[in-house]
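Have a look at the structure below before the remarks.
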Amino acid sequence: MFRTFAHDDAYNLSNNRNLKNTAKRLYNCGGYALGTFSWYCPYSERDDNTGGWFGFDCGYRTQEEAWKKTMYLVGFMLNDFCGRLRVIQELSDLERHEYAIAFRLSADGDFHYIKQGKNGSWYHKRGASEAIHTMNTEQVFAESWCNRYRGPMVLLAMSTK
């Protein structure tokens, strides 16, 4: 099973999809940050019997519940990108061949990813939106993103190898 819209190469391991050759409406914040350039949800499973999708409720009522759900979803991501993605404590933990990704949940059940570019700027994309926005470091490490994503933030390192 895979956690993206159907592609022969769901996680873009061949690096065939990129910003230049993939319509931005075809991938969400996860697909952008993780480099799949397809719709990536850290919790969705495809039901092979119906062809439909079912998911995990990311919503939370307490910060303790938010932390547990966040780490549960991080487990999915680490499994999906085994050997390419790891949790880091701070940006100085990045290795030369890695870039940073920040992940967090909203109380209403959504999630969001932000990635750091080679130039040190942070970028994010909302759902099927065509726009890619920048965010300064102060905003990335703020109490919330976009006045919505207030769950615990997890920093990840994605290998470019």
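Among the residues making up segment 79-92, those that are open to solvent by 60 Å² or more (accessible area, probe 1.4 Å) and in a helix (DSSP H, G or I) are 79, 92. Taking strands (runs of 3 or more DSSP E) as the structural unit, those lying wholly within segment 112-161 and holding at least 2 residues that are open to solvent by less than 50 Å² (accessible area, probe 1.4 Å) correspond to 122-125, 154-159.
The values are calculated or read from the model by the stated rules, or taken from the named source; none is laboratory data. Treat the numbers as computed from the prediction; the structure is a model and nothing was measured. These accessible areas exclude ligands, DNA and RNA; they are computed on the full protein's heavy atoms, side chains included. Shrake-Rupley method; radii C 1.70, N 1.55, O 1.52, S 1.80 Å.
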